[in-house]
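Report on the following structure.
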Amino acid sequence: MDKFVREIKTAALISNLTVTRLEVQEVPLKEKTKSTAKKKVSVRIDGNGEYAVIKQFINEILSQRRIKTIKNITIGKNQKQRTDSAALSVIIE
């Protein structure tokens, strides 16, 4: 799990996305499924950056070795920034 979170943080660092929240769903340590089954982990990432930064972050995530599926992306105007700023907020699940 630490490696998974580290991959997300590395992608944010490379793309200059400011991560304001990184929430990982609890993962059961002992599952009753076959060991060959793919383990699913739900993650929520909240961040701030310009559109190009958000796009680069998503590309970084999708190009990593571990398979990641993005279920939902919400991009909006960052309410904490000045009105003339190009900063956006993003929520990725």
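Can you give me the number of residues within segment 34-62 that are modelled with pLDDT under 90 and small (Gly, Ala, Ser)?
3
Is it fair to say residue 68 is of a type in the set (D, E, K, R), exposed (fewer than 12 other Cβ atoms within 10 Å of the Cβ), at pLDDT below 85 and in a loop (DSSP other than H, G, I, E, B)? Walk me through it before giving the result.
Numbers: of a type in the set (D, E, K, R): yes; exposed (fewer than 12 other Cβ atoms within 10 Å of the Cβ): no; at pLDDT below 85: yes; in a loop (DSSP other than H, G, I, E, B): yes.
Here the answer is no, as residue 68 does not meet what is asked.
The values are calculated or read from the model by the stated rules, or taken from the named source; none is laboratory data. All values derive from a computational prediction rather than experimental measurement. Ideal geometry is used to build each Cβ from the backbone, glycine not excepted, and the neighbour counts take in all protein chains shown.
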